[in-house]
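A quick write-up on the structure given underneath.
The values are calculated or read from the model by the stated rules, or taken from the named source; none is laboratory data. Computed from a predicted structure; not experimentally measured. Note: ideal-geometry Cβ built from the backbone for every residue, glycine included; neighbour counts use all protein chains shown.
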Amino acid sequence: MDLRHLRYFVAVAEELSFTRAAERLHIAQPPLSQQIRQLEDELGVSLLYRTRRHVELTDSGRIYLELARQILRSVEAAAVQAQRAQRGEIGQLAVGFFEHTSYTVLPPILRAYRERYPMVDVQLRWFPVVDQVDALLRGDIDVSFLRPVFNSEDITSDSLLKEPFVLAVPSDHPFAALETVPFADCASESIIIYSQKSAPDFHGMIAGMCAAAGFVPKVAAEVAQVYTALGLVSSGAGIAFVPSAVRRVHFEQVVYKTLSGDDARIEVLLGWTQSTPSPLLKAFIETAKAVVCGMSAPACVAT
């Protein structure tokens, strides 16, 4: 027995005519009659009463018809689901992220992805920047937003965004009245910096920027996350260098100013461990890149 037998039987049972069923199936009538006989012989039951003028289902035939329809519907549904999986439209995807992506690039990417692929179960998992790669290598996540703080041949990455630092200052600070703040003017200011342990790339970049401008930062506080830095800026504790995309976030008593005199760029990447991205993963990567390039952030990376 194969699916062809089921399709032939359903056609005959619904038409109650071998002639009309043969026309519907685009085959000759004798082979159709032969296939139905083979099916009955294999089952060991009579499915149809036949006369020269009439075809009627037996009790066994009526029961078998409903079950055959169910099987064929299941086969068709399985084919549709397999095709959706091949296009990356269904499945489960675990996405890792770190703090400042949660209120900058992650929300619009997730909205777009869920609109395009509503059948995919997206699981979000937060990790500190320095722990993202370990989470990928453990298999805790399928793909993750990363910053370039890793060195692993087992991780494949694709640059998503490159953006400058901007200056976050209290709204009553003298810098708040300026359109652009020269980087060197920050030398006399109290600066909220990022810890080397939690944000080694930010720590190193800011230290290098200050050194290039000829000063050592006057540290007001050391924090692990951008959001914490913004909270301290709001309190008047100092100023802070933050990724440009953070300007999308409104924070009480905080304004953002463009910096001049430095061209350092913060990079955000997407990373994964699959040597060949699955259709599911590929769809997420393509959506993320399309969304970021459509945002008003200063620079995106399109490939």
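If only one of 73, 53, 24, 37 is assigned to a loop (DSSP other than H, G, I, E, B), outside the structural domain of residue 277 (by TED's automatic domain parsing) and of a type outside the set (Phe, Trp, Tyr), which one is it?
53
Can you find a residue in the range 243-262 that is under 25 Å from the mean Cα position of the chain (by Cα), within 24 Å of residue 150 (Cβ to Cβ) and assigned to a loop (DSSP other than H, G, I, E, B)?
no
If a residue has to be touching a helix residue (DSSP H, G or I) at 6+ places or on another chain (Cβ under 8 Å) and either among the acidic types (Asp, Glu) or closer than 23 Å to residue 170 by Cβ (or both) to count, how many in the range 194-223 make the cut?
Number of matching residues: 14.
Quick one: in the range 136-146, which of the residues that are surrounded by 13 or more Cβ atoms within 10 Å (Cβ to Cβ) and not in a loop (DSSP other than H, G, I, E, B) is farthest from the chain's Cα centre (by Cα)?
The qualifying residue farthest from the chain's Cα centre (by Cα) is 137.
Can you tell me which condition residue 47 does not meet? The list is (1) buried (at least 19 other Cβ atoms within 10 Å of the Cβ); (2) within 50 Å of the chain's Cα centre (by Cα), and all the others hold.
The number of the failed condition is (2).
For residue 99, state whether it is modelled with pLDDT under 90, outside the structural domain of residue 202 (by TED's automatic domain parsing) and surrounded by 12 or more Cβ atoms within 10 Å (Cβ to Cβ).
yes
On the given criteria, is residue 161 in contact (Cβ under 8 Å) with a residue 40 or more places away in the chain, over 24 Å from residue 273 (Cβ atoms) and touching a helix residue (DSSP H, G or I) at 6+ places or on another chain (Cβ under 9 Å)?
No, not satisfied.
Can you find even one residue in the range 112-120 that is acidic (Asp, Glu), surrounded by fewer than 11 Cβ atoms within 10 Å (Cβ to Cβ), without any contact (Cβ under 8 Å) to a residue 40 or more places away in the chain and more than 30 Å from residue 9 (Cβ to Cβ)?
yes
Taking the range 123-135 as the region of interest, how many residues are surrounded by 14 or more Cβ atoms within 10 Å (Cβ to Cβ) and either within 11 Å of the chain's Cα centre (by Cα) or touching a residue at least 60 places away in the same chain (Cβ under 8 Å) (or both)?
Selection size over the range 123-135: 5.
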